[in-house]
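Where a number appears in this text, it was derived from the coordinates with a stated rule and is not lab data. Note that the structure is a prediction, hence the values are computed from the model and not measured. Please note: Cβ atoms are built from the backbone with ideal geometry, for glycine as well, and neighbour counts cover all protein chains shown.
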Amino acid sequence: MSNFQVLLVAGTHGNEINAPWVFDQWEQNPDLLDRHGLQVIPVIGNPIALEKCQRYLQRDLNRSFTPEFLNSSKFTDLEISRAKYLFELFGPKGKSSSQIVIDFHSTTSCMGTSLVIYGRRPADLALASLIQNRIGLPVYLYEGDSSQKGFLVEAWPCGFVVEIGPVPQGTLNSRIIKQTFLTLKICLEEISKSITGKSCFPENLIVHRHLKSIDFPRDFSGKPIAFIHGDLEGRDWKTITQESPLFEDLKGEIVRLSDYSCQDEVVPVFVNEAAYTEKNIAMSLTKREVWTFDENWKDAFYELIS
């Protein structure tokens, strides 16, 4: 058995219940999933919020892993305390240290199964390349938005988020459960193959690079005055152009992509995500790019797991 430990997190948001359900079934039936010789630690991110089926209690746990929060004793919020606990126990220098973390989420948006990576850390890009090469998952590269930070996986040397949808919050769904289980299985297989030197890295990595997040049109009081246009609703990952409609009101007036400062063609993701209403995000706009696989990514990944 390898001494290399992988941290698996579910229930970072307490109303995303499918991955925690998979973890619970796995705990009760250890033979459900082959660990491939890895030391695997499945953990519920926010167990109290999960018990109450709430996204969080005091603040978003998945925005609570900033160095400011992790390195200070002055913050007493439940989620910050939980972030510190997880990091101190399972972080790269923790008592039960892990170098790789995979954080399983679900979404109300039509994202299918996708990976989210934060920034351009070489080890993240290498691992995402392995998973994309194996099962073709789209990769959302989130960067350049200072208003959103403190994501769990950023606190570990390597990791990504798995997003699976659409599914209503607080609802178990057979398709989401099966996709979560399959993706978890593939991730463990690919990490194990890397440790034994059997990985097959691709020539390219396809990423959808974050450009900006946009809000619903609002009136002077802050209330939305339009909704997602029917041509866009449920069409995450589909390329749109300047004349494509984004929003519409009951008078039939349309807001198009050309009303925003954007490139000629963009790809919307997290369209109408329910949890992002509080963050004033109606969707995020990305650009599809094909990157040549960089050997430095592989070197950084192998250095991490050796």
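A few points about this structure:
- Qualifying residue in the stretch 206-218 (condition: without any contact (Cβ under 8 Å) to a residue 60 or more places away in the chain and either under 30 Å from Gly170 (Cβ atoms) or polar (S, T, N, Q) (or both)): yes
- Filter pass, Leu172 being assigned to a loop (DSSP other than H, G, I, E, B), in contact (Cβ under 8 Å) with a residue 60 or more places away in the chain, farther than 30 Å from Tyr302 by Cβ and of a type in the set (A, V, I, L, M): yes
- Qualifying residue in the stretch 144-155 (condition: hydroxyl-bearing (Ser, Thr, Tyr), over 14 Å from Tyr118 (Cα atoms) and surrounded by fewer than 17 Cβ atoms within 10 Å (Cβ to Cβ)): no
- Candidates Glu233, Glu289, filtered to the one that is among the acidic types (Asp, Glu), under 30 Å from Tyr56 (Cβ atoms) and not in a helix (DSSP H, G or I): Glu233
- A single member of Thr76, Thr113, Thr108 is farther than 23 Å from Cys158 by Cβ, among the polar types (S, T, N, Q) and touching a residue at least 60 places away in the same chain (Cβ under 8 Å), and it is Thr108.
- Filtered residue count, the stretch 85-135, keeping only those that are charged (D, E, K, R) and part of a strand (DSSP E or B): 1
- Checking Ile186, Ile100, Ile117, Ile131 one by one, the residue that is of a type in the set (A, V, I, L, M) and either farther than 22 Å from Cys200 by Cα or surrounded by fewer than 20 Cβ atoms within 10 Å (Cβ to Cβ) (or both) is Ile186 and no other.
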